[in-house]
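Taking it in order: structure first as structure tokens, then the write-up.
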Amino acid sequence: MRDVRVLVLGAAGQLGAELCAVLADKHEVIGATRLEADITQLAQLKEFVERIRPDVIINPAAYTDVDGCEKDREKAFLVNAIGARNVAIAAREVGAMLVHISTDYVFDGEKREPYVEYDPPRPINVYGWSKLLGERLVMEQNPRTFILRVAWLYSARRKNFVKTMLRLAGEREEIRVVHDQRGTPTYVGDVARQIERLIETEAYGLYHCTSQGSCTRFEFAVEIFRCAGYEVEIDPNGPVRLIPNPKSLTPNPQDLRPITLRPVTSAEFPTPARRPANSVLENFMLKVQGMDIMPHWKESLKAQIPKIKEAISG
Ligand SMILES: NC(=O)c1ccc[n+]([C@@H]2O[C@H](COP(=O)([O-])OP(=O)(O)OC[C@H]3O[C@@H](n4cnc5c(N)ncnc54)[C@H](OP(=O)(O)O)[C@@H]3O)[C@@H](O)[C@H]2O)c1
């Protein structure tokens, strides 16, 4: 019997859509897009939630354009802080458990080691500050809350680093990728399964929830192309040459030329928002409670690349 009713907000997003798919195996899932439930509108949101009366609310809805947040601070705080608070209020009013999603960008990146949950956050961009305030407001409103800090998400849906790399491969002869930002690529399906595990418990609190291992953006790109079937020629003193393997590439291998993948510094690749140099998270609180089921990032990437390639070509 499906006795747990789960409401997923931001259901058209990368994580939201995957949560709806994964949780539907065991639970009754209602997915709501921004048009159906706008988290910035408290009165309407409360009405919507009261109508559904979920046992669990999961909130991956956010303004996730990191550079956009830098330009539109009001929208960033309205969605990522006030919106998060609104969801927590609506959850409290119906007695629902809440899962709120936060980010690795709450840290400044100065630490040499992976960040743990008891490290003090210190964001260096507007997105990070807006998400940090969201964490605090959510905890004030609803103690029955899990906050999960995730990072470098990708899926076959919407825009993400993996899809951008594969698209650029069809358009450019040289791709420049930063080599001085370290983090952990994380497949949304793995986060969804970790959430499925957590909501069976009452182990409320703050969690780091990323895949195992870490890499720079440049190393991530190399692995994406390796998994996509490119031969990778590494020159220790220079850029990487990627040679397409016609047997494993779709859709038009004849159009794909060899590509040069060039490592660059963040200073050579300026963006409106600064990014932390190190945002590797350790899933410390999951580990100490024996609940960390997140796989290594390379394992998940290898499994997902065929599906992502199919989504791009389809
Ligand atoms: N992507 C990453 O690499 C990354 C890294 C660290 C943390 N995170 C966090 O992980 C969560 C999920 O990220 P994601 O990559 O799945 O994001 P995403 O694909 O950008 O999806 C976010 C969703 O939120 C919706 N949304 C925006 N404003 C809303 C509002 N006012 N009311 C209701 N829904 C609204 C968006 O709808 P519209 O498209 O219609 O606006 C979109 O469907 C977010 O909390 C994000 O901050 C992501």
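No value in this document is a laboratory result; all are computed from the given coordinates. Given the structure is predicted, the values throughout are model-derived calculations rather than measurements. Counting neighbours? That spans all protein chains shown, and the Cβs are built from the backbone with ideal geometry, glycine included.
To the nearest 20 debye, what is the magnitude of the charge dipole of the chain about its Cα centre, counting +1 on the Cβ of each Lys and Arg and -1 on the Cβ of each Asp and Glu?
Here the size comes out at about 360 debye.
Find, among the trypsin sites (Lys or Arg not before Pro) in region 16-115, those assigned to loop by DSSP (not H, G, I, E, B) with at most 12 other beta-carbon atoms within 10 angstrom.
Filter output for region 16-115: Arg112.
How big is the charge dipole of region 55-109 about its Cα centre, in debye rounded to the nearest 20, if each Lys and Arg gets +1 on its Cβ and each Asp and Glu gets -1 on its Cβ?
The dipole of region 55-109 has a size of about 220 debye.
What is the order of Ser300, Ser279, Ser313, fewest Cβ neighbours within 10 Å to most?
Lowest to highest Cβ neighbour count: Ser313, Ser300, Ser279.
Quick check: the angle from helix 297-313's long axis to the longest principal axis of the chain, C-alpha only, nearest 10 degrees?
The answer is roughly 80 degrees.
Please give me, ordered by residue number, the GluC sites (Glu not before Pro) of region 78-181 that lie in loop per DSSP and have at most 14 other Cβ atoms within 10 Å.
Glu110, Glu171, Glu173
Got a sec? Charge dipole of region 15-80, +1 on Cβ for Lys and Arg, -1 for Asp and Glu; which of Ala76, Ala17, Val56 is way out at the positive end?
Positive-end residue among those listed: Val56.
If you place +1 on the Cβ of every Lys and Arg and -1 on the Cβ of every Asp and Glu, how big does the dipole about the Cα centre of region 12-119 come out, in debye to the nearest 20?
The dipole of region 12-119 has a size of about 360 debye.
Under the rule a/c < 1.5 gives rounded, and otherwise a/b versus b/c splits prolate from oblate, where does region 174-246 land using the Cα gyration tensor?
Judged from the Cα gyration tensor, region 174-246 comes out prolate (a/c at least 1.5, a/b above b/c).
Kindly count the pairs of lysines across the chain whose alpha carbons are less than 17 Å apart, treating pairs on different chains or eight or more residues apart as eligible.
13
I'd like to know which of Phe107, Val94, Gly128 lies farthest towards the positive end of the charge dipole of region 43-175, counting +1 on Cβ of Lys and Arg and -1 on Cβ of Asp and Glu.
The residue sitting farthest along the positive end of the dipole is Val94.
Summing -39500 (n - 2.57) over the DSSP H runs of n ≥ 4 in the chain and dividing by its residue number, what mean residue ellipticity at 222 nm do you reach, to the nearest 500 deg cm²/dmol?
Calculated from helices alone, the mean residue ellipticity at 222 nm is -10500 deg cm²/dmol.
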